[in-house]
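Read the structure below first, then the notes.
The values are calculated or read from the model by the stated rules, or taken from the named source; none is laboratory data. Keep in mind that what you see is a predicted model, and the values were worked out from it rather than measured. With ideal geometry, Cβ positions are generated from the backbone for all residues, glycine too; neighbour counts draw on all protein chains shown. Only protein heavy atoms, including side chains, enter the accessible area calculation; ligands, DNA and RNA are left aside. Shrake-Rupley method; radii C 1.70, N 1.55, O 1.52, S 1.80 Å.
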Amino acid sequence: MILLSFDVPDPQLSDFVHDASPEDEVRLEDDWVPLDERLAPQELDEVLRAKDAYSSAVVLETIGDIPLAEIKPHENVLFVCKLNPVTEEEDLHTIFSRFGTVVSAKVIRDFKTGDSLCYAFNEFENQESCEQAYYKMDNTLIDDRRIHVDFSLKCQNFGSLRWGKCKQER
């Protein structure tokens, strides 16, 4: 049997405490005040809504629906889906122009066959026209199809991020 002995003293607990550690006895729980006691109800509602929106965006980023949670939609571009395959860009331009000047109406098509993929992007000259079209046109009939309208995250915003360049935007 071999017995090893060292002449090194046991370390003290104070040897492991960092010099920058706080020395006072104030605990975090003593100074912490809940948000609902610091903010007015309207401000609290706004903060909670912003946190909820950000967490939803992070979920969409996680499952791959958007490349980055920080990307914000255009304020003057609408995404129109559930279109009839016979609906053309001129039809959308005519229908949506009653809300304001339509800068562009683009039906997204299959890049090989040229067939409609049954969704489009409508870009308006200003935000007010876009919002008006959003509220009035959602769930309306166009060419015997009930469409859905929402604000858009166009592919051009993503650039060459994780998804690469969108072929529809050519």
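Among the residues making up segment 116-125, a single one is open to solvent by 50 Å² or more (accessible area, probe 1.4 Å) and closer than 12 Å to residue 74 by Cβ: 123. Within segment 94-115, restricting attention to residues that are open to solvent by 30 Å² or more (accessible area, probe 1.4 Å) and either of a type in the set (Asp, Glu) or within 26 Å of the chain's Cα centre (by Cα) (or both), which residue is nearest to residue 148 (Cα to Cα)? For segment 94-115, the residue satisfying everything is 106.
Return yes when residue 91 is out of contact with any helix residue (DSSP H, G or I) (no Cβ under 8 Å at 6 or more places or on another chain), assigned to a helix (DSSP H, G or I), without any contact (Cβ under 8 Å) to a residue 60 or more places away in the chain and crowded, with 17+ Cβ neighbours inside 10 Å and no when it is not. Break it down stepwise before answering.
On the way: out of contact with any helix residue (DSSP H, G or I) (no Cβ under 8 Å at 6 or more places or on another chain): yes; assigned to a helix (DSSP H, G or I): yes; without any contact (Cβ under 8 Å) to a residue 60 or more places away in the chain: yes; crowded, with 17+ Cβ neighbours inside 10 Å: yes.
When the stated conditions are applied, residue 91 passes them.
Out of all the residues in segment 119-148, which are of a type in the set (Lys, Arg) and touching a Lys or Arg at 6+ places or on another chain (Cβ under 8 Å)?
Matches in segment 119-148: 145, 146.
Applying a threshold of 7 Å to beta carbon distances and a minimum spacing of six or more residues, or different chains, the list of pairs starting in segment 38-58 at a residue that is over 13 Å from residue 70 (Cα atoms) and ending at one that is at pLDDT below 90 and open to solvent by less than 60 Å² (accessible area, probe 1.4 Å) reads 44/35; 47/35; 47/39.
Considering only segment 66-88, state which residues are open to solvent by 40 Å² or more (accessible area, probe 1.4 Å) and in contact with a His (Cβ under 6 Å, 6 or more places away or on another chain).
Taking segment 66-88 first, the residues open to solvent by 40 Å² or more (accessible area, probe 1.4 Å) are 68, 70, 72-75, 79, 82, 85-86, 88.
Result: 82, single match.
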